[in-house]
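The values are calculated or read from the model by the stated rules, or taken from the named source; none is laboratory data. Because the structure is predicted, anything quoted here is derived from the model rather than measured. For neighbour counting, all protein chains shown are included, and Cβ atoms are generated from backbone atoms with ideal geometry for every residue, glycine included.
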Amino acid sequence: MQTISNPPINWSRLRDIISAHQRFLLTSHVRPDGDAVGCEAAMSAILTALGKDVLVCNPFSLPSNLQFLDPQRKFVRLGKEITAEHLADRQVLIIVDTSAWAQLGAMAEVVKRTLALKVVIDHHVSNDDLGAELFKNEEAEATGRLVVELADYLGVDLTPEIAQAAFVALATDTGWFRFASTTAETLRSATRLVAAGAVPDKLYHQLYENDSLARLQLIGRALTQTRTEREGTIIYSWLRRADFAAVGALPSDSEDIINLLFSVNGTQVGLMFVEQPTGGYKVSLRSRCEVDCSVVAGQFGGGGHRQAAGVLLNEPLEAAVEKILAAVYQAMSRT
């Protein structure tokens, strides 16, 4: 597969790290999406194919629509199926699809205290100092694309298991290939993954056609609470913990609701405020104009991409909305 790294990622260095060690730990960000879980599943299969001892440990349980990526239930949750002490024998810790402390949740302490060599494979613009060696390409449409690039470099065949997980990563982070990040090379990569065993219609069904009634009702609440600003160029909504409780929805049920808001004609910036179980609001930002979401989110300690980013604000809803809208107004005035 044609490499997309520019400047090139030093895969030879990561190959040397993998060759020199046996026990690996994989993790990713809280509020996981298809790219995060797909990368973990694909990386686990790649390392296993190389004869490595692999453990996938996260600060979350897998969302119901992504559980099919772990059919043997090998993924474990920190503090539930495993403790930090049981991770002490790992020689290499690989963090996929994030470079931010705030997104590591309970795994942040493990990352801080571990004696393992730390590696980050990621495509996000934002970057904290995790004390890790970075293997990043901010122009990549999905971290899953980089994982496949690594598999090629390592000479690991794309099995159906790897292809399925990588396709989920690629497809979900490009909005099923409709986002502006989708290129001709993206589609060529998808074609290759399909040829290796990924079945798009079955994957789409697993991801998007297995909603619970609770999620459907939660979406209804978010749509009912939708508001617009600046003559409809900004659209936003919110979900409080009470909304989740009222319909029996899970925290993961709010995933992708922002894309429904962003489908309204004339929208240039979309915002979704979701109250977290531990307090505060996760804010998702989307842009189809010159507003750089990563810059707006970065003002409050968040990050992401130009057209999609996120941030956690430990504020009441009204204050969070006011702060984010003010930052968006300012960003729009500069465009």
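Structure values in brief
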read-out	value
Residue in segment 144-162 that is surrounded by fewer than 16 Cβ atoms within 10 Å (Cβ to Cβ), out of contact with any Pro (no Cβ under 6 Å at 6 or more places or on another chain) and free of Cβ contacts under 8 Å to residues at least 12 places away in the same chain present	yes
Some residue of segment 29-37 being among the basic types (Lys, Arg) and free of Cβ contacts under 8 Å to residues at least 12 places away in the same chain	no
Selection from segment 259-310 of residues that are among the hydrophobic types (A, V, I, L, M, F, W, C), farther than 22 Å from residue 126 by Cα and crowded, with 19+ Cβ neighbours inside 10 Å	261, 262
Any pair with Cβ under 8 angstrom, 6 or more apart, that starts in segment 199-212 at a residue that is modelled with pLDDT of 90 or more and ends at one that is outside any loop (DSSP other than H, G, I, E, B) and loosely packed, with under 12 Cβ neighbours inside 10 Å	none
Qualifying residue in segment 296-306 (condition: over 19 Å from residue 104 (Cβ atoms), touching a Ser or Thr at 6+ places or on another chain (Cβ under 8 Å), without any contact (Cβ under 8 Å) to a residue 40 or more places away in the chain and β-branched (Val, Ile, Thr))	no
All positions within segment 154-187 that are in contact with a Leu (Cβ under 8 Å, 6 or more places away or on another chain), in a loop (DSSP other than H, G, I, E, B) and of a type in the set (Phe, Trp, Tyr)	177
One residue from 139, 109 being in a loop (DSSP other than H, G, I, E, B) and either surrounded by fewer than 17 Cβ atoms within 10 Å (Cβ to Cβ) or at pLDDT 95 or above (or both)	139
Answer residue from segment 71-93, given it is outside any strand (DSSP E or B) and among the basic types (Lys, Arg) and is farthest from residue 26 (Cα to Cα) among those	80
Output for segment 29-55, where each listed residue is in contact with a strand residue (DSSP E or B) (Cβ under 7 Å, 6 or more places away or on another chain), of a type in the set (Asp, Glu) and over 11 Å from residue 94 (Cβ atoms)	53
Selection status of residue 68, surrounded by fewer than 23 Cβ atoms within 10 Å (Cβ to Cβ), outside any loop (DSSP other than H, G, I, E, B) and modelled with pLDDT of 95 or more	yes
Lone unmet requirement of (1) without any contact (Cβ under 8 Å) to a residue 12 or more places away in the chain; (2) surrounded by 20 or more Cβ atoms within 10 Å (Cβ to Cβ) for residue 42	(1)
Neighbours by Cβ (under 8 Å, 6+ apart or cross-chain): first from segment 163-187, under 14 Å from residue 68 (Cα atoms); second of a type outside the set (A, V, I, L, M, F, W, C) and surrounded by fewer than 24 Cβ atoms within 10 Å (Cβ to Cβ)	163/197; 164/197; 167/200
Matching residues in segment 304-335 - criterion: being in contact with a strand residue (DSSP E or B) (Cβ under 6 Å, 6 or more places away or on another chain) and small (Gly, Ala, Ser)	304, 308, 309, 310, 320
